[in-house]
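Notes for the one structure printed next.
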Amino acid sequence: MRILVVEDEPRLRELLSRNLTREGYQVEAVEDGFVGFERAKVSQFDLILLDVMLPTMSGLEICMRLKRLKNSTPILMLTARDSVDDRVAGLDAGADDYLVKPFAFVELAARLRALLRRKSEGETVLRVGDLSLDAARREATRGARTIELTAREFLLLEHLMKNAGRVLTRDQILAAVWPEDFDGSSNIVDTYVHYLRDKIDTKGKAPLIRTVRGVGYALGA
């Protein structure tokens, strides 16, 4: 599970990153609102932890912009403001839950698990044509045939299917599927797309993965 933490207070950001990593999550943490919005826009996260008061772009603005882009990633908003009006403003902006600082990490962890369960129940199976991807079972099928995928191939296919019909650049795919500190070239994307094609676009099946010359890749029936 990948979590984006957008929090400008250094000690809290470090504490959240350390504790969430200890819980088994893959964490990316940023301190700037606009940077957080751009990361959420181009990369695939399972959940966003979002402070309200941020430099360059507020948490409320980030929420509203992501919802306008039809980004369905659950958002847990963190804030020191505890009035009813503030909580209503956060929820109306598109946040899925609201936690007032200071908070106990055990409560934060419980709220995260609840949001992730809700997301998993709503998005268990992705389908494009006769291709299906079951995120809960970590299983891919095309027609009646089960497709064996490595962990990285699974993440790549999941990202392509969640963005079915959209042309994704190599850099966008790299940012979404590979760790932030990956220091290889974007050619790795071509290599893994080739692996997927060999497993998905087999003889007798209409090709699903399309190369857009000079841009990147798109997946569609």
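The values are calculated or read from the model by the stated rules, or taken from the named source; none is laboratory data. Given the structure is predicted, the values throughout are model-derived calculations rather than measurements. Cβ atoms come from the backbone with ideal geometry, glycine included; neighbour counts cover every protein chain shown. Accessible surface is based on the protein model in full, side chains and every heavy atom, while ligands, DNA and RNA are left aside. Shrake-Rupley method; radii C 1.70, N 1.55, O 1.52, S 1.80 Å.
Values as computed for the structure displayed
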quantity	calculated
Members of the range 74-94 that are under 17 Å from the mean Cα position of the chain (by Cα) and at pLDDT 90 or above	74, 75, 76, 77
Within the range 60-92, tally of residues that are among the small types (Gly, Ala, Ser) and open to solvent by less than 10 Å² (accessible area, probe 1.4 Å)	1
When residues of the range 209-221 are limited to those that are among the β-branched types (Val, Ile, Thr) and out of contact with any Leu (no Cβ under 8 Å at 6 or more places or on another chain), the one surrounded by the most Cβ atoms within 10 Å (Cβ to Cβ)	211
Residue in the range 200-218 that is in contact with a strand residue (DSSP E or B) (Cβ under 9 Å, 6 or more places away or on another chain) and assigned to a helix (DSSP H, G or I) present	yes
Hits in the range 128-159 (condition: of a type in the set (D, E, K, R), assigned to a strand (DSSP E or B) and open to solvent by less than 30 Å² (accessible area, probe 1.4 Å))	134, 142
Enumeration of residues in the range 165-213 that are under 19 Å from residue 42 (Cβ atoms) and small (Gly, Ala, Ser)	165, 175, 176, 184, 185, 186
Subset of the range 165-208 that is free of Cβ contacts under 8 Å to residues at least 24 places away in the same chain and touching an Asp or Glu at 6+ places or on another chain (Cβ under 8 Å) - its residue that is least open to solvent (accessible area, probe 1.4 Å)	186
Cβ pairs under 9 Å, 6+ apart, first in the range 97-121 and under 14 Å from residue 46 (Cα atoms), second open to solvent by 60 Å² or more (accessible area, probe 1.4 Å) and among the hydrophobic types (A, V, I, L, M, F, W, C)	112/1; 116/1; 120/136; 121/136
